[in-house]
Amino acid sequence: MSSDKQALKEQVAQLPLSPGVYQFVDRRGEIIYVGKAKSLRRRVSSYFVESKEHSVKVRVLVKQIVEIRHIVVDSEQDALLLENSLIKSLQPRYNILLKDDKTYPWIVIRREPFPRVESTRRLLRDGSHYFGPYSSISMQRSILEFIREVVPLRTCRLNLAPAEIARGRHTVCLQYHLGNCRGACIGAQTEAEYEADLQLVRSILKGDLRPVRAYLTAQMEQAAEALLFEQAHRYKQRLDALDNYAARSVIVSPKITDTDVFSLLVDDDVAYCNFVRIRHGSVVGVTTARLTTGVDSSEAEMLTLGMQHLVEQVAEGALAREVIVPFLPSATMLFDGVTFTIPKRGEKLELLEFSQRSARIYRAEQLKNLEIKNPERHTERLMESMRKELHLTRQPRHIECFDNSNLQGTYPVASCVVFRDGKPSRSEYRHFNVKTVEGPDDFASMREIVYRRYSRLLEEGAELPDLIIVDGGKGQLSSAYGVLCELGIADRVPIVGLAKRIEEIFFPHDPMPYYLSRTGEPLKVVCHLRDEAHRFGITFHRQKRSKGFIHSELEQIEGVGERTISVLLNHFRTVEKVRTAHIEELSALIGPAKARKVKAYFDNRKQTK
C-alpha cells in the first residue's frame, strides 16, 4: 500500500460517526468536492471500497484525493444547508452539477398591519422577520400547515391598514367561517390580540415550544372540561406533534451577515484556535489551527497568536468588521477596523459554541491520531496530564479503583479494577466478599476491602499502585486512608475519593472538593475507572444474589442439605427444572426419600398458591 493510500485510510478511520460535511482536497491544496453525510465515516469510507457501482467520474475523483477535511454539525438538515453554502462559495470542480442559483425556502413574517406568515425564497431588507432556511420545501410546508392549524392568522392579501378597516370596505371570507381567521378585516380582532397570536408563531419558528405548549394545554383542558372530547383530542395530537419540529439552524442565518468567529481550547502544552467564517449569513469555512503554548502565555495572548496565524493562512489578511470571540485578544490594536463581540445569548452565542465544539472535535481527532501513530508518546502525554491534574509526584501508570455493592445490607461485595497506562488490565481485576461487616455500612466495607487488598500485597512483596481511587465521598476516603496509615503506606501511595458529582475529587485532610477540568482527558480516565469498578462490582453482586435466592428456596425443604442442593443444581441448573422434574429422575439423583420430600415441598407450594 502506498503512503498516500495509507494516509487516506488513517484519515477515514479517524472520522466521527456524526453528521457533517466532508471536503476532498487534491495535491494542489484545492477543494475538488464537497459532500454531506448522515455519518461522516461511513459515507466517506464508501468512496474507497472497490465497487462496480462507482461511476467513472467517482473513480477519477478518488484518484486525486490526498486529504480529507470535515466539519461536524448537529443534524442532517444542518449538513445539507452547510453543503449548499460551501458549494456556492468554493465551487468545487466535481460539484459542477450543483452550481445553480437555487436558494432554500424561508418563512417570513411580513412587516405590515396584521402581518402575514408566508413562504419565500427571497431575503429582502424590508424590515420583515425571516426564519429558516429549511432543507426541503416539504419541511417548510409542514411547519406552515402546523402553524395555521394551531394559530388562526389571516392568509389574505388585503390592505388592513386601520383607515381601510374603518371604511368598512372588506368582508369576511370562507376562512373566517371555518374558524381559521378571527376577522381582522372587519375589525373583529384588534392588533394587540393579533400580536398575541403572532408571538406564538415566533416562538415556534425560533424553536421555543414552551409558550405554544402552554397554550395548547390550556385549550385542551378547557375543551375537556366542556366535554368537547373530539376537540380536546385534536389539541392532544397537536401537542404530540410539537416535538417533530426542529429548532432553527445557525449554519445559515438572516440576522448575521458578514462575521468571523474565533474560539480557543487550551491544553497543557498546546492550544487549538478555531475559525468560522460567515459570509452573507452562511458558514463558508471552518478551520482549526494547533498552537504550541509558550511559557506563562495567557489565553488572551494565545488567542491573538491564533487569530494572526489564521488571518494570514486562511482569511487572506482580511477579517470581517465584526469578530465574535469568547474573550478579548491581548492586542486588539493589531486588527484595524474590527469590532469584537463577546456574546451572552442568541445566535451569536450559538455560533461561538459551534466554533468551540469544532475545536474540541479537532483536538479529539489529533489525540486519536497520536494514539494510533505513536502510542508511547500518547501514553506519556496522558500520564503526565493526569499527574499535573491530580497533583501527584509521579505519573499514575498503575491505578486501582474500589467500589462497594449491596442490597439493603445483604450480599455485600466489593470490586477492585486495575488500569495500567490509562487502560483496563482486566486480568488483574478482583472481587471481594465482605466478611466482617453486617448491615449497609459502606465505610466499614471499604475499610475491610482496602486492608485485605494491601496487607496481602505487602505480604507477597507485590507492586503497590501509583494511585488509589475510592468511589465515594469523604467518608469512604477517610476509611481507606486510615487503613493506609495503619499499614504504613499512606506516604507511599496517594489516594483520592470520587464524589457523586463525577468532576469532584476529594483529597485526604482537605474538606473542600477539587474540580477536574470537564474537557480534559484525566476526567475521561477517571470516569472510565469509576464505570468499570461499578460494572464489575454490580455484575458480581447480581451473580451472588441470584445464587443466594436459588439456594434460599431449596434450603426451605426439610431434610435437604447443602450437598443435596449442589447435586440438584449441577444437574438441573435452575429451581424451575427441579420443580417440574419427575419423581423417578429425582430418585435416581438423590434417593427416593429425599426425592419425595422435594416433590412434596413443591406440590404444597403449588396448592397454597
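Considering the conditions (1) without any contact (Cβ under 8 Å) to a residue 12 or more places away in the chain; (2) crowded, with 19+ Cβ neighbours inside 10 Å, Ser46 is excluded by exactly one of them, (2).
For beta carbons closer than 6 Å, sequence separation of 6+ or different chains, a first residue in region 321-340 that is assigned by TED's automatic domain parsing to the domain that holds Ser263 and a second that is of a type outside the set (Val, Ile, Thr) and part of a strand (DSSP E or B), the qualifying pairs are Val323/Asp260; Val323/Phe340; Val325/Phe262; Val325/Phe340; Pro326/Ser263; Leu328/Phe340; Thr339/Glu322. For Gly537, indicate whether it is closer than 25 Å to Ile495 by Cα, outside any loop (DSSP other than H, G, I, E, B) and modelled with pLDDT under 80. Criteria met by Gly537.
Name the residues in region 251-264 that are within 23 Å of Ile31 (Cα to Cα) and modelled with pLDDT under 80, would you? Result: Ile251, Val252.
The combined condition, being more than 21 Å from Ile143 (Cα to Cα) and at pLDDT below 80, is fulfilled by Asp267. Does region 196-219 include one or more residues that are among the polar types (S, T, N, Q), more than 28 Å from the chain's Cα centre (by Cα), under 26 Å from Trp106 (Cβ atoms) and modelled with pLDDT of 75 or more? Checked against the condition, which is being among the polar types (S, T, N, Q), more than 28 Å from the chain's Cα centre (by Cα), under 26 Å from Trp106 (Cβ atoms) and modelled with pLDDT of 75 or more, region 196-219 yields at least one hit. Out of all the residues in region 10-26, is one or more surrounded by 21 or more Cβ atoms within 10 Å (Cβ to Cβ), among the small types (Gly, Ala, Ser) and in contact with a Gly (Cβ under 8 Å, 6 or more places away or on another chain)? No, region 10-26 contains no residue that is surrounded by 21 or more Cβ atoms within 10 Å (Cβ to Cβ), among the small types (Gly, Ala, Ser) and in contact with a Gly (Cβ under 8 Å, 6 or more places away or on another chain).
Within region 558-609, the set of residues being in a helix (DSSP H, G or I), charged (D, E, K, R) and over 49 Å from the mean Cα position of the chain (by Cα) comprises Glu562, Arg563, Glu584, Glu585, Lys594, Arg596, Lys597, Lys599, Asp603, Arg605, Lys606. Out of the residues in region 282-334 meeting the condition of being at pLDDT 80 or above and farther than 26 Å from Asp269 by Cα, tell me which one is surrounded by the fewest Cβ atoms within 10 Å (Cβ to Cβ). Among those that are at pLDDT 80 or above and farther than 26 Å from Asp269 by Cα, it is Arg321. Identify all residues within region 397-443 that are modelled with pLDDT under 85 and aliphatic (A, V, I, L, M); write none if there are none. Across region 397-443, the qualifying residues are Leu407, Val413, Ala414, Val434, Val437.
The values are calculated or read from the model by the stated rules, or taken from the named source; none is laboratory data. Since the model is a prediction, treat every value here as computed from it, not as a measurement. Don't worry about glycine lacking a Cβ; one is built from the backbone with ideal geometry, like all the others, and counts go over all protein chains shown.
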